[in-house]
Amino acid sequence: MEPKWHAPWKLKTVISGHHGWVRCLAMDPKNKFIVSGSTDRTIKFWDLVKGECMLTFTGHINTVRALAISDRSPFLFSVGEDKMVKCWDLEVNKVVRSYHGHLSGVHSVALHPSLDLLVTGGRDAVARVWDIRTRL
């Protein structure tokens, strides 16, 4: 089967504002904003239409490596080279939970689609499954 032709993709906008590499991105499930994590240790929220920075979170002490936004609760999860797994409440814009256990940098994060489970993976060669209803 021969591929169907389509018009070339067109660049819509360039989003700029971090002071280091952008290492990860996540899209709001409601399509209102994009979130980016960087080597500058910040997490930035970008207006999807205007491409402008709406908000910046600080709290990681090293590179932010992965992000996940829940479509079931107002939470953003971030992981980083600082061994931290953080849960940010998007209604109050602050960290409400931190999960400790990784022995090295954390590089990936995923949310279960229907259960209150978070999975993180890192340089310590393990995947950890967290119950996000708990505090630790």
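The values are calculated or read from the model by the stated rules, or taken from the named source; none is laboratory data. Not measured: the values here are computed from a predicted model. Cβ atoms come from the backbone with ideal geometry, glycine included; neighbour counts cover every protein chain shown. Remember, those area values only see protein heavy atoms, side chains included, never the ligands or the DNA or RNA. Shrake-Rupley method; radii C 1.70, N 1.55, O 1.52, S 1.80 Å.
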Per-pair calculated FRET efficiency, R0 = 30 Å: residue 129 and residue 9 via Cβ, rounded to 0.05: 0.20
Using a 7 Å offset from Cα along Cα-Cβ at residue 28, what residues in segment 62-80 end up with backbone N under 18 Å from the label point? 67-78
Hey, any idea what % of the chain's accessible area is carbon plus sulfur with a 1.4 Å probe? 55 percent
If the cut-off is a Cα-Cα distance under 21 Å, which lysines reach residue 50, setting aside same-chain residues fewer than 8 apart in sequence? 10, 12, 30, 32
Given a Förster distance of 22 Å, report the FRET efficiency between residue 54 and residue 116 from their Cβ-Cβ distance, rounded to the nearest 0.05. 0.20
Residues with amide H under 5 Å of residue 117's amide H, sequence separation 5 or more or different chain, H placed in the peptide plane at 1.01 Å from N; which? 112, 132
Note down the magnitude of the dipole of the chain about its Cα centre, charges +1 on Lys and Arg C-beta and -1 on Asp and Glu C-beta and zero elsewhere, to the nearest 20 debye. 60 debye
Can you pull out the trypsin sites (Lys or Arg not before Pro) in segment 13-66 whose DSSP state is coil and whose Cβ has at most 13 other Cβ atoms within 10 Å? 30, 32, 50
